[in-house]
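Right, one structure below, let's go through it.
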Amino acid sequence: MFLLAPLFFLASAHANERHFTYTYDTEVLPVEARELELWTTFLPMESGMLDMKQRAELEFAVSPKLMSAFYLNWSGGMHGSSFDGVSSEWKVNLLSRTVEPLGLALYGEVGVGPEEVELEAKLLLDKEVGPLLLAYNLVGEAEIESEMSGAEVESEVEYVMEHDLGATWRFSPHFSAGVELRNHTEFPEGEFEHAAFFVGPTVAYSSTSWWAALSVLPQVYAIHDEPGLVLDEHVMDEARLLVGFHF
C-alpha cells in the first residue's frame with residue numbers, strides 16, 4: 001500500500017479536492033485551475049424538521065501559494081429559505097506537505113449577512129504518511145450581530161474557538177475513508193457558554209473532473225451549565241456533503 005503513495009500525490013496534484021468536510025488541509029489550487037464547490041449541511045431537528053445550511057463557492061488561484069474564494073450562503077428546509085449573506089476566503093500555503101515534513105497554511109474568511117458579520121482565522125496543519133492523511137485546524141472566530149433598538153443600533157459580539165481534527169486512509173487514488181472530530185466552544189461577550197464535541201466517519205471520492213466528501217458527526221459530549229448535550233444551538237446529529245467541480 002505504501003508503494004502507491006506517489007500515485008496519490010499525482011492524483012491530487014491537479015486539484016484541491018477535500019478529504020474532510022469540516023477540517024481543511026493545507027494545499028491550494030494550481031494557478032491554472034478553477035473550482036465550483038457546493039456545500040450542504042444537514043441539521044435534523046428534535047421536532048422532526050430538517051434544516052439545511054447551504055453554500056455555493058467559486059475558488060481560484062491568485063499565485064502558486066495563494067488562493068481565494070467567493071461564497072453565497074443561504075438556509076433552507078421545511079420552514080422555507082433565507083439568504084444568509086456572502087463570504088470571501090483567502091488561504092496561503094506556507095509549507096507543502098508533499099515536500100516538507102509538515103504542511104502549514106493560514107486561512108482567513110470574512111462573511112457579511114443581513115444582521116451579522118463574521119471574521120474567521122485558521123491555522124492549518126497536515127501530514128501524509130503513505131496513504132494516511134492527518135489534518136488539524138485551530139480556528140478563531142468573531143460573530144458580530146447588530147439589531148435596531150429604537151433609534152440606536154445595538155451590537156453583540158460572540159467569540160468562537162474550534163479544534164478540527166481529521167484522519168483518513170486512501171484506499172486508492174480515488175477513494176478515502178476515515179474519521180473527523182470537531183470541538184466547538186462559544187464565548188458570548190467573552191464569557192464561556194458551552195463546548196460541544198462531535199465525532200464521526202468521513203468518506204471522499206475524487207475523479208479528474210469532480211470530487212465529493214461526506215461527514216456524519218453526532219454530538220457525543222458537551223460542557224455547559226445544563227446536563228446533557230447542547231441542543232439549543234447545535235443538533236444531536238449533523239452531516240455535511242461537499243461536491244466540487246474542476247474547470
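The values are calculated or read from the model by the stated rules, or taken from the named source; none is laboratory data. All values derive from a computational prediction rather than experimental measurement. Note that each Cβ is placed from the backbone with ideal geometry, even for glycine, and that neighbours are counted across all protein chains shown. The area values use the complete protein model at the heavy-atom level, side chains included, leaving out ligands, DNA and RNA. Shrake-Rupley method; radii C 1.70, N 1.55, O 1.52, S 1.80 Å.
Over the chain, what is the mean sequence separation of C-alpha contacts under 8 Å (at least six apart), divided by residue count, expressed as relative contact order in percent?
This gives 18 percent for the chain.
Top mean-square fluctuation among Leu231, Leu181, Leu124, Gaussian network model of the chain, C-alpha springs under 10 Å?
Maximum fluctuation in the GNM of the chain, among the listed residues, is at Leu231.
Net charge around Met52, counting only other residues with Cβ within less than 12 Å of its Cβ (Lys, Arg = +1; Asp, Glu = -1)?
Within the 12 Å Cβ shell, the charges total 0.
Can you send over the solvent-accessible area of Leu106, 1.4 Å probe, protein chains only, in Å² to the nearest 10?
80 Å²
For region 132-247, what's the relative contact order in percent, using C-alpha pairs closer than 8 Å and at least 6 residues apart?
Once normalised by length, the contact order is 18 percent.
Hey, what's the per residue convex hull volume over the C-alpha atoms of region 62-147, in cubic angstrom?
Dividing the Cα hull volume of region 62-147 by its residue count gives 123 Å³.
With an 8 Å cut-off on Cα pairs and a minimum separation of 6 or more residues, tell me the relative contact order of region 86-162 in percent.
22 percent
May I ask you to work out the translational diffusion coefficient for region 46-94 at 37 °C, viscosity 0.692 mPa s, via Stokes-Einstein with Rh from the Kirkwood sum over Cα pairs, reported in whole µm²/s?
Rounded, D is 259 µm²/s.
Rounded to the nearest 500 deg cm²/dmol, what is the calculated helix-only ellipticity per residue at 222 nm for the chain, with -39500 (n - 2.57) per DSSP H run of length n ≥ 4?
-1000 deg cm²/dmol
Of [x] 18.7, 59; [y] 18.6, 68; [z] 17.2, 59, which is the value of Rg and Dmax of the Cα atoms in Å derived from the coordinates here?
Answer label, from the structure shown: [y].
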